[in-house]
Amino acid sequence: MGGVIAFGLAGVLVPGVPGRWLVWAAMLWWALHEQSGAAWALLVGSTAVLLLAQVVLWLMPTRRIRESGATGRTAAFAGAGAVVGFVVLPVIGAIPGFVGGIYLCERRRLGGHGQAKAATRQVMRAAGASVLVELFGCLLIAGAWLGTVIAG
């Protein structure tokens, strides 16, 4: 179960992979398997979070990530930063972790602070915000699932 959620989180960062649907399907499978009130509540909450994220995505202007010069490595750094931020500072830490991951990748690629800062802004304007919205929603679901499983 956790593996499918992790694969879904990674899928959010990879174009063409339905990451949020994998996370939701994992919640559905878990709720059908558990058959408990907490599992059903988590499924309903997951559905609401993903629908809200979709509405936010619809309201955002469409942009192309390729125009920003972002690479697959940038997405990997951003995703890793979001996960680390989410663990270090639960829930809200994902946002600065995501942006910090992009900055770190661009700093390594370009060398200087000013260039990396400008490149980070460009990536966030191009597509980073929409990826962040989707990843944040999936991280909320993953964190709620993990908390529910640990609580028993």
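Quick one: length gained pulling residue 92 to residue 121 fully straight, 0.36 nm per residue minus the C-alpha distance? The partial results should precede the final answer.
On the way: separation 29, 0.36 × 29 = 10.44 nm, distance 1.97 nm.
That works out to 8.5 nm of additional length.
Toward the positive end of the charge dipole of region 29-122, with +1 on the Cβ of Lys and Arg and -1 on the Cβ of Asp and Glu, the farthest Cα among 75, 115, 33 is that of 115. Once you reduce region 38-53 and region 87-123 to the center of their Cα atoms, the two points are 29 Å from each other.
How large is the translational diffusion coefficient of the chain in µm² per second when you combine the Kirkwood radius over alpha carbon pairs with Stokes-Einstein at 37 °C and 0.692 mPa s?
On the way: Rh = 15.9 Å.
Taking Rh from Cα pairs, D becomes 207 µm²/s.
Please report the net charge: other residues with Cβ closer than 9 Å to the Cβ of residue 12, K and R +1, D and E -1. Mind dumping the intermediate values first?
On the way: positive: 20; negative: 134.
Combined, the nearby Lys, Arg, Asp and Glu give 0.
Each reported figure results from applying straightforward, stated rules to the coordinates on display, with no laboratory input. Keep in mind it's a predicted model, so treat the numbers as computed, not measured. Every residue, glycine among them, receives a Cβ derived from its backbone with ideal geometry; neighbour counts consider all protein chains shown.
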